[in-house]
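Just below is one structure, and these are the notes that go with it.
Coordinate-derived values only; no laboratory data. Please read all numbers here as calculations on a predicted model, not as lab measurements. All Cβ positions, glycine included, derive from the backbone under ideal geometry; neighbour counts span all protein chains shown.
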């Protein structure tokens, strides 16, 4: 049966179907041919699984990150961070971290942070003589603050799946985020 699931998934992918739909096809094929679960129950559970009000935050976080990038807010955040800590020795490294902390407080994801501010930060660091490896490394490390500093998309998803208070998770993320950002 596992070979059937894998075969259905791979056949759907080679046919050009998107990965998410190919996974659905492989799973439904497995369930249908195993005969243990009625198909109507499967559909009911699939719809019930995505019918969650807090999970609406996922596309809205992505939308907010895209809007900030296209509106030029990332450049303003970078300029603010330069004014705040750019005068320190190794200033652009500090600017990278401060910019990521500010952007993480708005976007909630590491990918949006790395994609939005990362290109600006890496270019500025290379223009000021920093090695490319250092610029990329500090950008990758500072963008991982996104899932820790509230509002955080992974905290929302965890709160929904674990039936935990999302507000308490956000409150619990402030101190670790501040400590990591200041270190």
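Some observations on this one:
- Convex hull of region 2-51 built on C-alpha atoms - directionally averaged projected area, nm²: 3.6 nm²
- Sorted peptide list for 85-91, 151-157, criterion being average Cβ within 10 angstrom, highest first: 151-157, 85-91
- Alpha carbon convex hull of region 1-133, volume per residue in cubic angstrom: 166 Å³
- Over the chain, dividing the summed -39,500 (n - 2.57) contributions of all DSSP H runs of at least 4 residues by the number of residues returns a 222 nm mean residue ellipticity of -25500 deg cm²/dmol.
- Pairs of Cα atoms in region 57-183 fall into 5 Å distance bins, from 0 up to the last occupied one, in shares of 2, 13, 21, 23, 19, 12, 6, 3, 1, 0 percent.
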